[in-house]
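Here the structure comes first, spelled out in structure tokens, and everything after it is commentary.
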Amino acid sequence: MQETQDQISLRKLVVTGAVATTRPPFRMLLLLELLITLVAATIPSSATDAAAIIGSLVLLVVAAVLQIAILLAAATRDPDRSADSWIVATARRRCFWRFALTRVLITVMVVVGVALILLGGSRLPMVWLTLLGLVVALAWGFVVGSVVGVAEQAAVLERRWPFAAMARSSGLTRPARRTIGLLFALAVVSPNFLEDRVLGVHLLRDLGPLKVLPALIGVLVSTAGLIALTKAYVGLGGTEVTKR
């Protein structure tokens, strides 16, 4: 029990995730994610033509593939240093739709929950609504994450469909709900808030080229968080990758 508690220490997980992003194969996979983010920033948010829509969808798929590759590598004790090998492993795993649908459902749970809570404060000034939104997003993210925080890991590593993955996550996180909930809120929900995806706050819209900065920071934080959550999943008894 003590060994498990050590493995899922919040401080240890945060440090492990952050440090891992500076080492192969995570370093290259992270750089590719950042590149995708920069390319996505060149597509106008108001674009409605077919080329822009298709381009955005392609970028979303590529980003998801990179995240699955990161997840697979993080679930391995001594991962291959080549980023290419993990991208290939992602294709061999055949878990894209399991991962994508699980992420969509979790996102809906977070966004709808936050939106419903904020309905009562919709008449507040923007600054106060932003601060309230951040607090609510983190609090609700903690609640959701404490139960389904490692569902994406179950979807990929055990090839479970969304509801089965969420049920698996609920069982695994039972002895560490506070740690997983905090990690999920800080590493999954807060980057989305920062990237202006959850609450639609446009505080940085007038900063020109710098407006992509929150998205880049969000990618850094969420990637470190994905690694940390995967380490927690394995530490709690989830499936570990033994072969590429």
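Scan segment 39-82 residue by residue and report those that are β-branched (Val, Ile, Thr) and at pLDDT 90 or above.
Val58, Val61, Val62, Val65, Ile68, Ile70, Thr76
Here segment 16-45 is the region considered, the condition is being surrounded by fewer than 16 Cβ atoms within 10 Å (Cβ to Cβ) and among the small types (Gly, Ala, Ser), and the residue that is farthest from Pro191 (Cα to Cα) is Ser45.
Would a scan of segment 140-150 turn up a residue that is hydroxyl-bearing (Ser, Thr, Tyr) and either outside any helix (DSSP H, G or I) or closer than 18 Å to Leu72 by Cα (or both)? Scanning segment 140-150, I find no residue that is hydroxyl-bearing (Ser, Thr, Tyr) and either outside any helix (DSSP H, G or I) or closer than 18 Å to Leu72 by Cα (or both), so the answer is no. Considering every residue within segment 121-140, establish whether at least one is modelled with pLDDT of 95 or more and of a type in the set (A, V, I, L, M, F, W, C). No: segment 121-140 contains no residue that is modelled with pLDDT of 95 or more and of a type in the set (A, V, I, L, M, F, W, C). Quick check on Arg168: is it out of contact with any helix residue (DSSP H, G or I) (no Cβ under 6 Å at 6 or more places or on another chain), closer than 17 Å to Thr230 by Cα, assigned to a helix (DSSP H, G or I) and of a type outside the set (Val, Ile, Thr)? Considered against the rule, which asks whether it is out of contact with any helix residue (DSSP H, G or I) (no Cβ under 6 Å at 6 or more places or on another chain), closer than 17 Å to Thr230 by Cα, assigned to a helix (DSSP H, G or I) and of a type outside the set (Val, Ile, Thr), Arg168 comes out as no. Summed over segment 69-79, the residues that are closer than 21 Å to Gly149 by Cβ and either among the basic types (Lys, Arg) or part of a helix (DSSP H, G or I) (or both) give a count of 6.
This table checks each residue for (1) buried (at least 16 other Cβ atoms within 10 Å of the Cβ); (2) on the phi > 0 side of the Ramachandran plot; (3) touching a residue at least 12 places away in the same chain (Cβ under 8 Å); (4) outside any loop (DSSP other than H, G, I, E, B).
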{"residue": "Ala52", "(1), (2), (3), (4)": "no, no, no, yes"}
{"residue": "Leu57", "(1), (2), (3), (4)": "no, no, no, yes"}
{"residue": "Gln67", "(1), (2), (3), (4)": "yes, no, yes, yes"}
{"residue": "Arg81", "(1), (2), (3), (4)": "no, no, yes, no"}
{"residue": "Asp84", "(1), (2), (3), (4)": "no, no, no, yes"}
{"residue": "Leu101", "(1), (2), (3), (4)": "no, no, yes, yes"}
{"residue": "Ile106", "(1), (2), (3), (4)": "yes, no, yes, yes"}
{"residue": "Met109", "(1), (2), (3), (4)": "yes, no, yes, yes"}
{"residue": "Val112", "(1), (2), (3), (4)": "no, no, no, yes"}
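The values are calculated or read from the model by the stated rules, or taken from the named source; none is laboratory data. Note that the structure is a prediction, hence the values are computed from the model and not measured. Backbone-built Cβ (ideal geometry, glycine too); neighbour counts: all protein chains shown.
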